[in-house]
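All remarks here apply to the structure that follows.
The values are calculated or read from the model by the stated rules, or taken from the named source; none is laboratory data. Predicted model only: the values in this text are computed from it and were never measured. All Cβ positions, glycine included, derive from the backbone under ideal geometry; neighbour counts span all protein chains shown.
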């Protein structure tokens, strides 16, 4: 069964890579290029998972995550924060905002696919 995944990322090369990986794993993928668009798509599309960059234009990934968790459907949506900032305080801030998992860039494609499958309760291929 295809799961709905929202990629909230403003770096075009990373978007292309994530889209390829997640579509290849059989998922339906939408893309938001900034935090405001991400929040609109979360409200209208109700994705199963959001792959969320921390450094987004308009609204930060931390704030997007907090707002997702405040919404009625927010508890059911899994959030994987993806960022170049991998230090402890950044990770703690992401988890405090409500992220289910945190992954740093650059990431191994196999690790990302495994993290997504784990968050969605799926077997990895």
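From the residues in segment 66-75 that are touching a residue at least 24 places away in the same chain (Cβ under 8 Å) and more than 21 Å from residue 19 (Cβ to Cβ), which one is surrounded by the most Cβ atoms within 10 Å (Cβ to Cβ)?
Of the residues in segment 66-75, the ones touching a residue at least 24 places away in the same chain (Cβ under 8 Å) are 66-69, 71, 73-74.
Among the residues that remain, those that are also more than 21 Å from residue 19 (Cβ to Cβ) are: 66-67, 69, 71, 73-74.
Working: 66: 16, 67: 18, 69: 14, 71: 14, 73: 11, 74: 15.
Ranking the candidates gives 67 first.
So which residues in segment 104-121 are touching a residue at least 60 places away in the same chain (Cβ under 8 Å) and either closer than 15 Å to residue 3 by Cβ or within 12 Å of the chain's Cα centre (by Cα) (or both)? Even if it seems obvious, please write down each step before you answer.
In the first step, residues of segment 104-121 are kept if they are touching a residue at least 60 places away in the same chain (Cβ under 8 Å); the result is 105, 109, 112-113, 116-117, 119-120.
Scanning segment 104-121 gives 112, 113, 116, 117, 119, 120.
Using the structure shown, decide if residue 101 is surrounded by 14 or more Cβ atoms within 10 Å (Cβ to Cβ), free of Cβ contacts under 8 Å to residues at least 24 places away in the same chain, touching a strand residue (DSSP E or B) at 6+ places or on another chain (Cβ under 6 Å) and closer than 23 Å to residue 2 by Cα. Spell out how you get there, then give the answer.
On the way: surrounded by 14 or more Cβ atoms within 10 Å (Cβ to Cβ): yes; free of Cβ contacts under 8 Å to residues at least 24 places away in the same chain: yes; touching a strand residue (DSSP E or B) at 6+ places or on another chain (Cβ under 6 Å): yes; closer than 23 Å to residue 2 by Cα: yes.
Yes; evaluated as a whole, the condition is true for this residue.
Of all strands (runs of 3 or more DSSP E) completely enclosed by segment 2-83, which ones contain at least 1 residues that are more than 18 Å from residue 100 (Cβ to Cβ), touching a strand residue (DSSP E or B) at 6+ places or on another chain (Cβ under 6 Å) and modelled with pLDDT of 95 or more? Outline the logic, then answer.
Working: elements: 4-8, 28-32, 49-53, 78-83.
Answer list for segment 2-83: 28-32.
Which pairs turn up if I take residues in segment 44-61 that are without any contact (Cβ under 8 Å) to a residue 40 or more places away in the chain and look for partners that are surrounded by 20 or more Cβ atoms within 10 Å (Cβ to Cβ) and not in a loop (DSSP other than H, G, I, E, B) with beta carbon separation below 6 Å, at least 6 apart in sequence or on another chain?
58/35; 59/35
Based on this model, can you work out whether residue 95 counts as more than 21 Å from residue 2 (Cα to Cα), surrounded by fewer than 16 Cβ atoms within 10 Å (Cβ to Cβ), touching a strand residue (DSSP E or B) at 6+ places or on another chain (Cβ under 7 Å) and modelled with pLDDT under 90?
Values: more than 21 Å from residue 2 (Cα to Cα): yes; surrounded by fewer than 16 Cβ atoms within 10 Å (Cβ to Cβ): yes; touching a strand residue (DSSP E or B) at 6+ places or on another chain (Cβ under 7 Å): yes; modelled with pLDDT under 90: yes.
Yes.
If residue 48 satisfies every condition in (1) within 12 Å of the chain's Cα centre (by Cα); (2) under 14 Å from residue 82 (Cβ atoms) but one, which is the exception?
Unmet for residue 48, out of (1) within 12 Å of the chain's Cα centre (by Cα); (2) under 14 Å from residue 82 (Cβ atoms): (2).
For segment 84-125, enumerate the residues that are farther than 17 Å from residue 21 by Cβ and part of a helix (DSSP H, G or I). Even if it seems obvious, please write down each step before you answer.
First, the residues of segment 84-125 that are farther than 17 Å from residue 21 by Cβ: 84-100, 102, 121.
Correct list: 88, 89, 90, 91, 92, 93, 94, 95, 96.
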